[in-house]
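Note sheet for the following structure.
The values are calculated or read from the model by the stated rules, or taken from the named source; none is laboratory data. Source: prediction; values computed, not measured. Methodologically, a virtual Cβ is constructed for each residue, glycine included, from the backbone with ideal geometry; neighbour enumeration extends over all protein chains shown. Surface accessibility is based on the protein's heavy atoms, side chains included, excluding ligands, DNA and RNA. Shrake-Rupley method; radii C 1.70, N 1.55, O 1.52, S 1.80 Å.
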Amino acid sequence: MRDRSLIPSFQRPASRVVIRRAANYEQDLAALIYESLREFNLPMKDKTVLLKPNLVGLDPLGVTNTHPAVVAAARECFLRLGASQVLIGDGPAMDRDTEAILESVRLREYAGPLAHTFVDLNVDDVERVPLKTRASRLKELYLPKTALGVDFLVSMPKLKTHHWAGVTLSLKNMFGIVPGSCYGWPKNVLHWAGIDRAILDINAAARPDFAIVDGIMGMEGNGPVQGTPKSCGVLVLGSDPVAVDATCCRVMGLMPERLKHLSGAGTLLGHLKVHKIQQLGEKIADVRTPFAVLEAFRRIAE
């Protein structure tokens, strides 16, 4: 069973985040990811892993969802590190036809047969989870047993702005584990509870053990679906999802401290402050690529 304890930031050791340059999806992403994972000495032998990509909806142009090349490369790497099983799973919010989404992103072409690999978290068996936090008005969540039962949960978002949350990165990506079979499409119960607050409650209940952000091609402006593709050319990885998201924001030219959900997450879920994050690989300044945001979020732009 995974450790779901909440630890105040002042009691946490400094977090490490790796930034790697990746110009396109055709290069050897498995080599980049494997080299990065080895920085963390992850005890993966005989562990079960769930990769949770961002699969919002149909994406034939490959600009909205986590690219399948990144997902397949990550799966290869965790197996190489000794994991006994590496599953891929998501509960898309914008479309009930998960199979159509998988076809549109061509996941099988990259990851191989999915019959025993992919889990549709929208229709998975669920377990009642009383919430440890009261950030939102929610008191409990019904969450997929697969997401709760694996040894290691990896959030794999795409580097994007978001018209309600400001950005959608590894923490916001966890909306996808909340099953549509219980909460409907597009999971409006979470929005009615307050999107920033719901992000905190979900991650307190099922905090990712690791994050791998696909920033090779991101999205700016009116994300997460109707924005403009934005080339950034990076992968960002780390075992602290808050620190990973904070680093991603700084790469995007945004101030994470001014985002409500990240500011809150920096108290119990991980590190937000620069001096508590050890950057490995590329320096933020060397890969910074300013992302346009909607007028409502102009305050977060540096």
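A few comments on the model shown:
- Condition check for Ile202: outside any helix (DSSP H, G or I), modelled with pLDDT of 95 or more and touching a strand residue (DSSP E or B) at 6+ places or on another chain (Cβ under 8 Å): no
- Residue in the range 281-294 that is free of Cβ contacts under 8 Å to residues at least 24 places away in the same chain and over 18 Å from the mean Cα position of the chain (by Cα) present: yes
- Some residue of the range 90-100 being in a strand (DSSP E or B) and either modelled with pLDDT of 95 or more or within 26 Å of Arg38 (Cα to Cα) (or both): yes
- The residues of the range 160-185 that are touching a Gly at 6+ places or on another chain (Cβ under 8 Å) and in a loop (DSSP other than H, G, I, E, B), listed by number, are His163, Val178, Pro179.
- Residue in the range 55-69 that is part of a helix (DSSP H, G or I), under 17 Å from the mean Cα position of the chain (by Cα) and in contact (Cβ under 8 Å) with a residue 40 or more places away in the chain present: yes
- Filter result for Asp28 (within 20 Å of Leu280 (Cα to Cα) and either among the β-branched types (Val, Ile, Thr) or at pLDDT 95 or above (or both)): yes
- Per this entry, Val56 is not counted among residues that are among the aliphatic types (A, V, I, L, M) and more than 21 Å from Lys160 (Cβ to Cβ).
- Residues in the range 175-188 that are of a type outside the set (Gly, Ala, Ser), open to solvent by 50 Å² or more (accessible area, probe 1.4 Å) and free of Cβ contacts under 8 Å to residues at least 60 places away in the same chain: Cys182, Asn188.
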